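Below is one structure, written out as structure tokens, with a few remarks after it.
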Amino acid sequence: MYIIIPITSIIIEECLGSLGQRKRAKLQWVQDPSQSNVYNLNNVRHEVSRHFRNKKKAYLRAKIEELETNSKNKNIRDLYRGINGFKKGYQPRCNIVKDEKGDLVADSHSIVARWRNYFSQLFSVHGVKDVGQAEIHSRTTSTCTKCP
């Protein structure tokens, strides 16, 4: 099971440093595939893997402590949200809608504008802005056999 760790600036700096070190060792090995470079690359890979493993363990420990605190404080909603987040894992979200022409729109401002237009069209009944007037108009023009 893969767990996505939320990114903070501290984690980014540490991880980028580790990844840069691994990249440099691999580049050095590609340029000169001597035994010492192979040994150096394997050591760097081992250190970077250990570093990421420790970061993941620390994240999981903190998450479990958070769930325990929610359980002790009887904060049931947050407890079950955390549990369901673990059970479901990472769920990618797709925020794309079609505009009036049928083209796909992905940026947030265009999506909000599209929803605004959609609901304004949906709530405007036959060009009448006030729904109450449209209901009154439709009731007076309808024919009813039981009405006097």
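The values are calculated or read from the model by the stated rules, or taken from the named source; none is laboratory data. These numbers were taken from a predicted model, which means no experiment stands behind them. Backbone-built Cβ (ideal geometry, glycine too); neighbour counts: all protein chains shown.
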**Prompt:** Restricting attention to the stretch 26-34, does a residue exist that is in a helix (DSSP H, G or I), of a type outside the set (A, V, I, L, M, F, W, C) and either modelled with pLDDT under 90 or within 25 Å of Ile12 (Cβ to Cβ) (or both)?
**Reply:** yes
**Request:** Report yes if some residue within the stretch 88-105 is assigned to a helix (DSSP H, G or I) and either of a type in the set (Asp, Glu) or at pLDDT below 90 (or both); otherwise report no.
**Result:** yes
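Criterion first (in contact with a Leu (Cβ under 9 Å, 6 or more places away or on another chain) and polar (S, T, N, Q)) does Gln21 satisfy it?
Working: in contact with a Leu (Cβ under 9 Å, 6 or more places away or on another chain): no; polar (S, T, N, Q): yes.
No.
When you look at Asn54, is it under 28 Å from the mean Cα position of the chain (by Cα) and surrounded by fewer than 11 Cβ atoms within 10 Å (Cβ to Cβ), yes or no? Steps first, answer last, please.
Details: under 28 Å from the mean Cα position of the chain (by Cα): yes; surrounded by fewer than 11 Cβ atoms within 10 Å (Cβ to Cβ): yes.
Yes; evaluated as a whole, the condition is true for this residue.
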**Asked** Which one of these is of a type outside the set (Lys, Arg) and in contact (Cβ under 8 Å) with a residue 24 or more places away in the chain: Gly89, Gly85, Gly102?
**Response** Gly89
